[in-house]
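Trainee: Let me begin by handing over the structure; questions about it come next.
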Amino acid sequence: MDSPGFTASLVAGGVAGVSVDLILFPLDTIKTRLQSPQGFNKAGGFRGIYAGVPSAAIGSFPNAAAFFITYEYVKWFLNTDSSSYLMPVKHMLAASAGEVVACLIRVPSEVVKQRAQVSASSGTFQIFTNILYREGIQGLYRGYKSTVLREIPFSFVQFPLWESLKALWSWRQDHVVDSWQSAVCGAFAGAKDYIVLGKTKRGTKMWICGYGHHASGCGKDKNYVGKGE
């Protein structure tokens, strides 16, 4: 067995994660505010659409890097023959392991980021320290289990499909796919993933609402999300 390229996975995954998160951050902010229990306008509307970007910038690289390092390592460890019918199972297991590890970084980053997105008047660091003060370290991992349970079914569909499309394209052209071709396969797999399964907004509400606040009523304490007072 050839060992997986850990350095390549770390750098490529990290750079890709940062690039995607920063480019799409305004859309992510709008989505978060639309899903906020406060309502879109009270959550900030179109104002300050880059609120929370420091959390995303800091968390994106290690999050994506951790996922792809784990993904590649588990694929290497399982070492299934490329012609085996168990290949999709290997990709499912590898992607699931990657999600479990990546969420250790992703969830705290998302908690801080999304609370900043719905309270643009408060700084990212202020929100981070406020979470630690009021909720402790567990506040940063609010919704971890539900996030993992949400992401794994998507990985079950997306990554086996991505790998299968790459293998098919490689077979058709008689050489390994180029980077842009892999990106096309990934885009199709990701789109199919969302169409088939659909994302929920439960995670967003759990991350926005603090300790002792129900998702449907966390807007009752209007100062909590941003200021914690």
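The values are calculated or read from the model by the stated rules, or taken from the named source; none is laboratory data. Everything numeric here is computed off the predicted structure, so don't read it as measured data. All Cβ positions, glycine included, derive from the backbone under ideal geometry; neighbour counts span all protein chains shown.
Trainee: What's the number of the condition Thr200 fails, among (1) within 25 Å of Glu99 (Cα to Cα); (2) part of a helix (DSSP H, G or I); (3) modelled with pLDDT under 90?
Mentor: (2)
Trainee: Taking Ala167 as the residue in question, decide whether it is at pLDDT 90 or above and buried (at least 22 other Cβ atoms within 10 Å of the Cβ).
Mentor: no
Trainee: I'm trying to understand the selection: among the residues of the stretch 68-89, which are of a type in the set (D, E, K, R) and either under 19 Å from Leu24 (Cβ atoms) or surrounded by fewer than 19 Cβ atoms within 10 Å (Cβ to Cβ) (or both)?
Mentor: As a first pass, look at the stretch 68-89 and keep what is of a type in the set (D, E, K, R): 72, 75, 81.
Within the stretch 68-89, just Asp81 meets the criteria.
Trainee: Moving to a separate point now. Counting only residues that are out of contact with any Lys or Arg (no Cβ under 8 Å at 6 or more places or on another chain), of a type outside the set (A, V, I, L, M, F, W, C) and surrounded by fewer than 16 Cβ atoms within 10 Å (Cβ to Cβ), how many does the stretch 130-148 have?
Mentor: 5
Trainee: Taking the options Val15, Val53, name whichever one is farther than 22 Å from Leu140 by Cα and either modelled with pLDDT of 80 or more or buried (at least 19 other Cβ atoms within 10 Å of the Cβ) (or both).
Mentor: Val15
Trainee: Also: Scan the stretch 109-127 for residues that are of a type in the set (A, V, I, L, M, F, W, C) and closer than 28 Å to Ser155 by Cβ and report the count.
Mentor: Narrowing the stretch 109-127 to residues of a type in the set (A, V, I, L, M, F, W, C): 111-112, 116, 118, 120, 125, 127.
Checking the rest, the ones that are also closer than 28 Å to Ser155 by Cβ come to 111-112, 116, 118.
Matching residues across the stretch 109-127 total 4.
Trainee: Lys42: surrounded by fewer than 17 Cβ atoms within 10 Å (Cβ to Cβ) and either in contact with a strand residue (DSSP E or B) (Cβ under 7 Å, 6 or more places away or on another chain) or within 30 Å of Arg134 (Cα to Cα) (or both), yes or no? Spell out the reasoning first.
Mentor: On the way: surrounded by fewer than 17 Cβ atoms within 10 Å (Cβ to Cβ): yes; either in contact with a strand residue (DSSP E or B) (Cβ under 7 Å, 6 or more places away or on another chain) or within 30 Å of Arg134 (Cα to Cα) (or both): yes.
The answer is yes for Lys42.
Trainee: Right, next: Can you name the condition, by its number, that Arg106 falls short on among (1) modelled with pLDDT of 80 or more; (2) more than 19 Å from Ile152 (Cα to Cα); (3) of a type outside the set (A, V, I, L, M)?
Mentor: It fails just one condition, (2).
Trainee: Determine which member of the set Ala94, Ala65 is in contact with a Gly (Cβ under 6 Å, 6 or more places away or on another chain), surrounded by 16 or more Cβ atoms within 10 Å (Cβ to Cβ) and modelled with pLDDT of 85 or more.
Mentor: Ala65
Trainee: So which residues in the stretch 146-171 are out of contact with any helix residue (DSSP H, G or I) (no Cβ under 9 Å at 6 or more places or on another chain) and within 17 Å of Arg106 (Cα to Cα), if there are any at all?
Mentor: The one that is out of contact with any helix residue (DSSP H, G or I) (no Cβ under 9 Å at 6 or more places or on another chain) and within 17 Å of Arg106 (Cα to Cα): Leu149.
Residues checked against (1) polar (S, T, N, Q); (2) assigned to a helix (DSSP H, G or I); (3) under 30 Å from Ala94 (Cβ atoms):
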site: Ala8; (1), (2), (3): no, yes, yes
site: Ala12; (1), (2), (3): no, yes, yes
site: Gly17; (1), (2), (3): no, yes, yes
site: Asp21; (1), (2), (3): no, yes, yes
site: Ile30; (1), (2), (3): no, yes, no
site: Ala43; (1), (2), (3): no, no, no
site: Tyr50; (1), (2), (3): no, no, no
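Trainee: Checking Phe67 against (1) within 13 Å of the chain's Cα centre (by Cα); (2) more than 22 Å from Phe154 (Cβ to Cβ); (3) among the aromatic types (Phe, Trp, Tyr), which test does it fail?
Mentor: Every listed condition holds for Phe67 apart from (2).
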